[in-house]
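The values are calculated or read from the model by the stated rules, or taken from the named source; none is laboratory data. In this text the structure is predicted, and so the values were computed from the model without any measurement. All Cβ positions, glycine included, derive from the backbone under ideal geometry; neighbour counts span all protein chains shown.
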Amino acid sequence: MKATDVLIIGGSAAGLSTANSVKTWYPNKSVMVVRDVDYTVVPCGIPYIYGTLKAVEKDKIPDEGFLKKGVEFVISKVSEIDRNQHLVILADGETISYEKLVLATGARPVFPPVPGAQLGNIFPIYKDPNYLQNLDDVLQQNKNVVIIGGGFIGVEMAEQVRLKGDDYNVTLIEALPRCLAVACEEEYGQKIETELERMGVKVMTDTMVKAFIGDQKVNGVILTDGSTVTADIVILGIGTIPNIELASQSGLKVDEKEGITVDEYLCTNDPDIFACGDCASKFSSINGEPVIIRLASVAASEGMIAASNLYQLNRKTLGALGAFATKVGDTSVGAAGFTERMCIENYISYYVGKMVAPDRHPASLPGCTMQTEVKLLFDRKDDRIIGGHVLGGVQAADMVNILALAIQQRLTAAELAVMQYATHPLLTGSPLVYQVMWAAENAIAKK
């Protein structure tokens, strides 16, 4: 039998963040991480394996830093949790005793409920380096690629597969009217679609898959309009479902869609078991309602919160906000909080402020993105920011992080308009037209 003070099941963003933070908060406690992969890949870096990095092992989170802190890794699968005995039973029958247990079991990809989904060469995205290497091997031999799902994974995979060469025929299929529509304003999704098409990707929105066809391997995708798209390989990016089976079998409270039920300290209904990351339930930091947001950034934050609370309650979660950023070709977008569509769906009366200006000053400096736009959404009842969106160059991610913090801190339009920011000619737009400030100022003027 092995023994540890803190046992973490899951070795991706949530699990590794938890391990790191336990060693910060409780340095004398032993920490063990059980994971079922040889090494942990950078989750958000997976699409870039196929076009930019060109090797799975380049998308690796090294173990060395954790090992130096005293974190122990066990490569295995957990088959059972014995809560009464404070034991975890591994697939090979070995047991590990614990004082505190953290479930960071993540989520798994959704398969479309259509005929032919189990044919060969249909690949959802798993965070397993051996699996991802197999996908790369298949991509080397198959040039007609269909990607199902126009969210962040689908959009990024489409770009990166296309970068493999002009002989790759890439089709991106999205059921909603626009790509990225779940997180971004529709006009921003349209800009990303335009950039993909410029790169040679065929984008089909408002389009549903009826079936996959082929003998043993897929060779086509039938759409609901009756047309068929040739496909040697299909990559799925249509969402995930939480891995709750271990928790459920051990008697913890779970929800099939939301995940393992946790409180504001990320504790389950067992005071010695916490859960964080994609497997755990979440509430919106804007309206407090249950929300499904599965991001590595949220997982890492929750890992820090769970770790700090293991032996004494120190931190509460503020809820999941959902801050996103991506770059396709020369266009970057960022989004935090609600879109206009979400406001309408949640019956929120809102007003909008925009600002478009260059992201360098003067604009004649090299690397300037002339049309960098910030769009802000404010709740009309209290003037607090509830959504922020950025379209432009590589600065978009940092700008949307400002907006994410503003939303979490519930800043008003007036407060955001007069906040002080660092600016520099080579790094930002002019302080006279800094987009975040002036989008808020314009919102106030037009309210």
Of the conditions (1) farther than 28 Å from S250 by Cα; (2) charged (D, E, K, R); (3) free of Cβ contacts under 8 Å to residues at least 60 places away in the same chain, the single one that D136 does not satisfy is (3)
Can you tell me how many residues within the range 296-333 are within 18 Å of the chain's Cα centre (by Cα) and more than 20 Å from Y265 (Cβ to Cβ)?
10
Return the total of residues in the range 165-207 being part of a loop (DSSP other than H, G, I, E, B) and closer than 25 Å to D225 by Cα.
15
Where the second residue is surrounded by fewer than 13 Cβ atoms within 10 Å (Cβ to Cβ) and the first is free of Cβ contacts under 8 Å to residues at least 24 places away in the same chain and lies in the range 349-370, which pairs have Cβ atoms under 7 Å and are six or more apart or on separate chains?
A363/M370
Anything in the range 352-367 that is surrounded by fewer than 23 Cβ atoms within 10 Å (Cβ to Cβ), of a type in the set (G, A, S) and within 21 Å of N442 (Cβ to Cβ)? List them, or say none.
A357, A363
Top-ranked residue of the range 43-58 - restricted to ones that are free of Cβ contacts under 8 Å to residues at least 24 places away in the same chain and either under 16 Å from the mean Cα position of the chain (by Cα) or not in a loop (DSSP other than H, G, I, E, B) (or both), ranked as surrounded by the most Cβ atoms within 10 Å (Cβ to Cβ)
G45
Output for the range 410-423, where each listed residue is at pLDDT 95 or above and either under 21 Å from G367 (Cβ atoms) or in a loop (DSSP other than H, G, I, E, B) (or both)
R410, L411, V418
Within the range 331-351, the residues that are over 18 Å from Q408 (Cα atoms), β-branched (V, I, T) and buried (at least 17 other Cβ atoms within 10 Å of the Cβ) are T331, V333
When you go through (1) in a loop (DSSP other than H, G, I, E, B); (2) under 22 Å from Y351 (Cβ atoms); (3) not aromatic (F, W, Y) one by one for G367, which number turns out not to apply?
(2)
Among the residues of the range 378-409 satisfying the criterion of being touching a residue at least 60 places away in the same chain (Cβ under 8 Å), of a type outside the set (A, V, I, L, M) and in a strand (DSSP E or B), which is surrounded by the most Cβ atoms within 10 Å (Cβ to Cβ)?
H389
